[in-house]
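The values are calculated or read from the model by the stated rules, or taken from the named source; none is laboratory data. Small disclaimer: the values here were computed from a predicted structure and weren't measured. No Cβ is skipped: glycine too gets one built from the backbone with ideal geometry, and neighbour counts run over all protein chains shown.
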Amino acid sequence: MLNRVILMGRLTAEPDYRTTQSGVTMTRFTLAVERDYSQQGERQTDFIDIIAWRNTADFVSRYFHKGQLVALQGTLQVRSYTDRDGNKRRAWEVVADQVYFAEPKRDNGYQGNNYDYSRYDQMTPPPAPAAQQPSYGEPASSYQSGDSGDFTPVADDDLPF
């Protein structure tokens with residue numbers, strides 16, 4: 001059986017971060033996902049409920065905000081419940097396993113979003129020490145002079161193929 005969902009859309013509101021009674025963290029949010037087709041020139045948008053648990057919930061609540069473009073992978077889950085009036089209802093939601101940034105951190109393409117994206121700089125790994133970084137300067141002198149150094153040409157008779 002296969003149950004895999006991959007979505008990309010914009011957060012409609014700030015993620016709702018909570019801790020359950022048993023101490024497990026979770027966050028809920030809604031993605032606005034445009035459909036690939038349009039009817040009479042107007043694009044349709046679906047609003048899909050997402051839930052994330054534990055580390056994924058912590059990540060989403062810390063780094064994602066209203067209006068940001070988000071990509072995620074997860075599974076589709078159906079819950080049954082009884083509403084206040086005693087009617088049986090079903091809720092469809094995606095349980096996010098992995099959540100990704102889907103736009104550059106300083107230019108999200110969303111007009112009216114004035115968030116300070118400098119806080120994401122702490123996620124960038126520090127540069128490697130200079131001794132470990134490759135040097136792409138001038139080629140070795142043996143290459144420039146045409147000297148083959150310790151290279152010995154191989155005759156076609158010596159090749160195994």
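For this structure, a couple of remarks:
- Any hit, the stretch 23-40, residues being outside any loop (DSSP other than H, G, I, E, B), at pLDDT 95 or above and acidic (D, E): no
- Just one of the numbered conditions (1) surrounded by 10 or more Cβ atoms within 10 Å (Cβ to Cβ); (2) touching a residue at least 24 places away in the same chain (Cβ under 8 Å); (3) in a loop (DSSP other than H, G, I, E, B) is not true of N3: (1).
- Whichever residue in the stretch 41-59 is over 14 Å from V70 (Cα atoms) and in contact with a Lys or Arg (Cβ under 8 Å, 6 or more places away or on another chain) and, among such residues, is modelled with the lowest pLDDT: R43
- Exactly one residue among V78, V24 is in contact with a Phe, Trp or Tyr (Cβ under 6 Å, 6 or more places away or on another chain) and farther than 19 Å from Y100 by Cβ, and that residue is V78.
- Restricting R43, R84, R89 to residues that are in a loop (DSSP other than H, G, I, E, B) and of a type in the set (D, E, K, R) narrows the list to R84.
- Being surrounded by 13 or more Cβ atoms within 10 Å (Cβ to Cβ), of a type in the set (D, E) and not in a strand (DSSP E or B) is a description that applies to E14.
- Single condition N55 does not satisfy, out of (1) within 15 Å of the chain's Cα centre (by Cα); (2) surrounded by 10 or more Cβ atoms within 10 Å (Cβ to Cβ): (2)
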